[in-house]
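The values are calculated or read from the model by the stated rules, or taken from the named source; none is laboratory data. Just so you know, these numbers come straight off a predicted model, no measurement behind them. So basically every Cβ, Gly included, is an ideal-geometry build from the backbone, and we count neighbours across all protein chains shown. Areas reflect the complete protein model, heavy atoms only, side chains present, ligands, DNA and RNA absent. Shrake-Rupley method; radii C 1.70, N 1.55, O 1.52, S 1.80 Å.
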Amino acid sequence: MFVISSNITLTKGYKKSILGNFKNNNLFHIENNQAFEIHELIKKRFFKKEDVTPGLFDFLTENRMVYKIPENTKNNFPKKKLQYESKYHIEFLIYNYSSLIGIDEVIDICEKICVPNLVIDLNSNIINQIEEKIKDKPFPESVTILTNNKEILLEKNRFRILITQKDNRPFVHRDSVDFNYPLFVESHFHHNYFNKKLYIGNKGEIKNTPESIEIFANLDDLNLIEKLSEIITSNEFQKFWNVHKDACDVCKDCEFKYMCVDNRIPQKKNEKEWFHTTECNYNPYIAKWKEEKGYITIKELGSTSNNFI
């Protein structure tokens, strides 16, 4: 008897599907006819070798996706249940840096409302000052610096500082697809870009994300921590948090939907469905990225999604 690994995930798209193995981080773009047979195996969990197409069985075995087991050990292989959990009201605070005074206030917000991850967009080489300000504080637990300043990139990583460099590519592109289990699980239940985020702009404006339209408060407001505690639990602030990709036109047909972080603002179609007014750089109906030969837009295909015709 054989069992298919509980670390295997299959995401079906309109044209192709994604087969992934979280144990070794392998990812395969496969045809939907192969996906159908694998889907049946995942549903059954336990099977005999002769139940599987020989070529597919060899592929799954070589990539450590199926294992031979004694029949009396079936109960030792329980099925994994997807469950998203987070103990924080806000997971990420993104700050568009303007002054060290602002940094003090932002770090205070992280500490008071327990935000584990601080992301700072800046071009000034002030890493040492930030390190000094957070070294004795429980929150933030990690700090990421987003910058185009090459001098900052020459600086060694210090206390809870990770430096990344921005580029000019579209927000969603081939290399932005991220295959990791926490993101995969979150994407089944929430919008993985808007969920549990707080943004503070360089004028002190406080929003859900940089792209969000609604401004809920300002860094200069009196009783800010008390005010923020009410804001971040409000339905209005969280209105996009639960708009997962299975509820969005086009995205629901995409095999990358649980691996893609998308900053487009969803538009409400009805009580259960959403759409976007701009196209993604991947077209799931032809399984091609914008830079690939043969790519055409969804609009050119004649598909419709409210504003897409």
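One table, with the values for the structure above:
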read-out	value
Gaussian network model of the chain, springs between alpha carbon atoms under 10 Å - residue of 204, 13, 294 with greatest fluctuation	294
Charge dipole magnitude, Cβ of K and R +1, D and E -1 - region 202-261, Cα centre, debye nearest 20	120 debye
For the chain, accessible area per residue (1.4 Å probe, heavy atoms of protein chains only), Å²	54 Å²
Residues whose placed amide H lies under 5 Å from that of residue 274, excluding near-sequence neighbours	248, 249, 269
Angle between the chain longest axis and helix 100-112 axis [Cα atoms, degrees, rounded to 10]	60 degrees
Max mean-square fluctuation residue, GNM over the chain, Cα-Cα springs under 10 Å, options 135, 207, 80	80
Candidates 22, 237, 256, ranked by Gaussian network fluctuation over the chain, Cα under 10 Å, top entry	22
Accessible-area ranking of 84, 282, 14, largest first, probe 1.4 Å	14, 84, 282
C-alpha center-to-center spacing [region 226-305, region 93-117] in angstrom	29 Å
Rounded to the nearest 20 debye, dipole of region 1-159 from Cβ charges on Lys, Arg, Asp, Glu	960 debye
Vicinal HN-Hα couplings computed from phi for region 49-56 (Karplus, 6.51 cos²θ - 1.76 cosθ + 1.60; Hz; Gly/Pro x)	4, 6, 7, 10, 3, x, x, 5
In region 32-103, lysine pairs with alpha-carbon atoms under 21 angstrom apart (chain gap of 8 or more, or interchain)	18
Accessible surface, 1.4 Å probe, highest first, among residues 44, 293, 288	293, 44, 288
Beta bridges by DSSP in the chain, antiparallel share as percent, to the nearest 5	55 percent
Cys residues of the chain counted as unpaired, since no other Cys beta-carbon is under 4.7 Å	110, 114, 254, 260, 280
Protein accessible area in the chain, 1.4 Å probe - carbon and sulfur %	49 percent
Mean Cβ neighbour count within 10 Å, used as a protection proxy, ranking 56-66, 1-11, 190-200 highest first	190-200, 1-11, 56-66
C-alpha center-to-center spacing [region 181-207, region 25-62] in angstrom	35 Å
Straight-distance crosslink candidates among lysines, where the alpha carbon sits under 25 Å from residue 290 and sequence neighbours closer than 8 are dropped	12, 15, 16, 166, 245, 252, 257, 299
